[in-house]
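The values are calculated or read from the model by the stated rules, or taken from the named source; none is laboratory data. The shown structure was predicted, so the numbers you read here are calculated from the model rather than taken from an experiment. Note that each Cβ is placed from the backbone with ideal geometry, even for glycine, and that neighbours are counted across all protein chains shown. Note: accessible area is taken over every heavy atom of the protein model, side chains too, but ligands, DNA and RNA are not part of it. Shrake-Rupley method; radii C 1.70, N 1.55, O 1.52, S 1.80 Å.
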Amino acid sequence: RRVRGQTFQHYFKQINLSSGAMYRNQYDNDVSVWSPQGRIHQIEYAMEAVKQGAATLGIKGKNYAVVVALKRASSDLSSHQKKIIPIDEHAGISIAGLTSDARILSRFMRTECLNHRYVYGSPLSISRLVSSVGDKAQTGTQIMGRRPYGVGLMVAGCDETGPHIYYICPSSNFYECKCMAIGSRSQSARTYLERHKDEFKNVEDLNELVAHALRALRDCLPNDSELTTKNVSVGYVGRDCTFTVKDDDEVADYLKSIEEEKASGGAAPDAGEEAMETQ
């Protein structure tokens with residue numbers, strides 16, 4: 001029999017090859033199923049959850065590691081969701097994605113740090129902490145009936161080797177970074193970070209490093225929005241200080257400094273060059 005001049009066999013074969021949605025739905029029901037292209041769609045969906053989350057970024061300087069994050073409120077009647085979570089005296093995380101998954105991973109990280117302090121009497125190194133989280137996240141990508149954690153973690157820490165910034169992906173991959181931005185509209189922030197990445201390693205002043213982070217975060221906002229004390233969180237850790245989170249009125253001084261720079265026309269290095277490029 002024929003359907004508009006085609007056999008049923010040729011008709012259904014054409015659907016299977018040409019319809020991306022139907023083709024994907026055959027292989028995205030479980031995290032342990034590979035597609036013919038070598039992809040695991042459940043992991044890609046988890047990474048998409050990170051892209052939909054509010055933006056956050058981290059910068060590593062000479063003596064400090066800084067994370068800043070945009071906070072969202074589900075409605076005008078609710079408070080803003082906290083995005084920066086302390087882990088230990090020497091480490092903390094900023095999140096983009098599902099907050100409930102972030103709470104599970106942050107509880108695991110705190111337990112690892114506590115156990116290491118109890119047994120060895122010293123803080124857990126940042127690289128070992130991140131590696132442990134990667135191993136835990138990996139189990140969710142291998143076992144049938146499980147799912148990946150739908151959250152990206154920006155880890156800021158400082159140990160005997162100095163400050164560190166790590167990004168932990170839902171795929172369980174993790175990377176040490178000079179600077180990194182994740183979340184919604186984060187490409188604009190990454191453009192700023194890429195332009196200035198060679199400057200950060202020589203920055204010794206904490207306020208200057210936070211100012212760089214807030215300038216980059218400002219690029220993630222829609223045109224009709226501004227950074228305020230309500231929608232911004234700042235976290236930092238360094239050789240001479242423990243992990244500290246600043247919220248609400250505590251970030252007012254940082255915001256005031258970059259607003260004054262913007263008003264004076266000198267918000268960031270190379271601002272004149274940027275203006276020439278956009279004209």
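A compact table of results
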item: Entirely in segment 175-249, the strands (runs of 3 or more DSSP E) that have 1 or more residues that are of a type in the set (S, T, N, Q); result: 232-238, 241-246
item: Enumeration of residues in segment 56-80 that are over 15 Å from Gly162 (Cα atoms) and surrounded by fewer than 24 Cβ atoms within 10 Å (Cβ to Cβ); result: Lys71, Arg72, Ala73, Ser74, Ser75, Asp76, Leu77, Ser78, Ser79, His80
item: Residue list for segment 155-182, restricted to those being more than 22 Å from Thr244 (Cβ to Cβ) and touching a residue at least 60 places away in the same chain (Cβ under 8 Å); result: Cys169, Pro170, Ser171
item: From Gly140, Gly121, residue being loosely packed, with under 12 Cβ neighbours inside 10 Å and over 18 Å from the mean Cα position of the chain (by Cα); result: Gly121
item: Residue that is open to solvent by 30 Å² or more (accessible area, probe 1.4 Å) and closer than 14 Å to Val237 by Cβ, where the choices are Glu112, Glu89; result: Glu89
item: Per-region count, segment 151-197, residues surrounded by 22 or more Cβ atoms within 10 Å (Cβ to Cβ), among the small types (Gly, Ala, Ser) and either within 23 Å of Ile104 (Cβ to Cβ) or out of contact with any helix residue (DSSP H, G or I) (no Cβ under 6 Å at 6 or more places or on another chain) (or both); result: 5
